[in-house]
1. Of everything in the stretch 319-332 that's more than 9 Å from the ligand (Cβ to nearest atom) and modelled with pLDDT of 95 or more, which residue is surrounded by the fewest Cβ atoms within 10 Å (Cβ to Cβ)?
2. Please name all residue pairs, on different chains or six or more residues apart, with Cβ atoms under 6 Å, provided the first residue is in the stretch 39-63 and is within 14 Å of Ala360 (Cα to Cα) and assigned to a helix (DSSP H, G or I) and the second residue is at pLDDT below 90 and within 13 Å of the ligand (Cβ to nearest atom).
3. How about the stretch 176-201: which of its residues are crowded, with 20+ Cβ neighbours inside 10 Å and not in a helix (DSSP H, G or I)?
4. When only residues in the stretch 1-37 that are assigned to a loop (DSSP other than H, G, I, E, B) and in contact with a Gly (Cβ under 9 Å, 6 or more places away or on another chain) count, which is farthest from Gln243 (Cα to Cα)?
5. Contact list please: Cβ distance under 7 Å, first residue in the stretch 1-28 and farther than 29 Å from Asp82 by Cβ, second residue of a type in the set (Asp, Glu) and part of a loop (DSSP other than H, G, I, E, B), pairs at least six apart or on different chains.
6. Would you confirm whether or not the stretch 297-312 contains a residue that is away from the ligand (no atom under 16 Å from the Cβ), among the basic types (Lys, Arg) and under 30 Å from Gly117 (Cα atoms)?
7. Restricting attention to the stretch 337-376, and to residues there that are touching a strand residue (DSSP E or B) at 6+ places or on another chain (Cβ under 6 Å) and among the small types (Gly, Ala, Ser), which single residue is farthest from the ligand (Cβ to nearest atom)?
8. Consider the stretch 258-279. How many of its residues are over 25 Å from the mean Cα position of the chain (by Cα) and either within 16 Å of the ligand (Cβ to nearest atom) or under 18 Å from Val319 (Cα atoms) (or both)?
Amino acid sequence: MNLRFLTAGESHGPELNIIIEGIPASLEINPEDINADLKRRQGGYGRGGRMKIEKDQVIFTGGMRLGKTIGGPLSVRIINNDYKNWDVAMSPVSQDLSNPEVVEKIQSKYVSRVRPGHADLVGALKYNHEDVRNVLERSSARETTSRVVVGAICKRLLKEFNVSVLSYVIRIGSVSIDLKSLGTNYSELFSKAEQSEVRCPDVKVSELMKEEITKARTLGDTLGGLIHIVASNVPPGLGSYTQWDKRLNGRIAGALMSVHTVKSVEVGLGKMVSEFFGSQVHDQIYIDEKWNNDRLRYKRKTNNAGGIEGGMSNGQPIVCTVATKPIPTLIKPLDSVDIKSKTNTQAHFERSDICVVPAAGVVLEAMLAYVLSNTFLEKFGSDSIEELTDNYNHYMKRCFAR
Ligand SMILES: Cc1cc2nc3c(=O)[nH]c(=O)nc-3n(C[C@H](O)[C@H](O)[C@H](O)COP(=O)(O)O)c2cc1C
């Protein structure tokens, strides 16, 4: 593993902290590029009040000098604006419990009515917490803000090699785009999706999706969906068939599955491969007659494999379809239990989103960019951008000549 990252911080704590190790020296990073992705994660029709309070911005505190990486770990902070409303209840240091006002502030944030679908119940059992606040603060998807920072830095690295990672929404609840007419012009689909409040490339379907979300809100309910995550211009040979844990599909699936609400990850045709003959599934190969040394000589008639064969990228776009569940905090709460009074009751409700599918796409882009950057650095070296570029160019020239 050449690249790794750790995140810390609670949803309503003072700040989020991120350490990323392994980004090569001399990569120019403009904080505004990262803030732009953070803004994308905060958006989307169906978000709750919290995102109106926050304006996520990165503060670099290590690993950078004069706008460029210098090879050491990058350290990044993001301030939680909402902390000012939680400074007593979420204080990292002890508070004066003889002061009734302090006690009242802490008690007002106490949670014992666990939410089905969240980490609440199992987290309280596992970490032996009475106050479920101790679970939900870290299990909250506020943590995905930090992942978007890592992903934006990785996207910046991949951009040096013209690799792009993007996403768009294809389903929210029962409303789906017609996949047959979607096509594979991914950059166009992405630009259209970026104009849509639900990040869907079809204007009419976007409106129907918004109506579906409004309906869910009226019913006190929530919605999940389906997202395409695509990486284009990926060089052949990232990942490997030589060990189980080097296989690119496994690494990508693990990273995407680690995102809150994700319940399935498919690559290429995904589970549909089970329905067809082999002759209909595998992507036949032919010689590109127009080849003139500037690209791979071998082309494919289709991309059912979703850009991965034998645990390696094959040079075709990597296409993943990810399903996310409806978020678990419901305005009209589900039946649950109070773990303090040991009674049947209804789940806790606290200010919440209705649908996070558009935002989840941005987080999934981040995780795909991270895995691709990691495998890229494994293949081509990770000390400096100059060395990485030389190694990449040399390898690609050799592949083109084959
Ligand atoms: C960007 C994003 C925002 C989310 N916001 C909320 C929210 O406001 N309320 C909520 O109950 N769940 C929200 N979730 C989902 C929960 O964090 C998640 O379902 C929960 O932590 C349980 O984890 P699991 O879905 O992986 O089982 C969000 C997820 C993402 C990706």
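The values are calculated or read from the model by the stated rules, or taken from the named source; none is laboratory data. All figures in this text were calculated on a predicted structure; none of them were measured in a lab. Backbone-built Cβ (ideal geometry, glycine too); neighbour counts: all protein chains shown.
1. In this case the residue turns out to be Ala323.
2. Between residues of the stretch 39-63 that are within 14 Å of Ala360 (Cα to Cα) and assigned to a helix (DSSP H, G or I) and residues that are at pLDDT below 90 and within 13 Å of the ligand (Cβ to nearest atom), the close pairs are Gln42/Met51.
3. Result: Ile177, Ser196, Val198, Arg199, Cys200, Pro201.
4. This residue is Asn30.
5. Correct list of pairs: Pro24/Asp383; Ala25/Asp383.
6. So far as the stretch 297-312 goes, no, none of its residues is away from the ligand (no atom under 16 Å from the Cβ), among the basic types (Lys, Arg) and under 30 Å from Gly117 (Cα atoms).
7. For the stretch 337-376, the residue satisfying everything is Ala369.
8. So the count comes out to 2.
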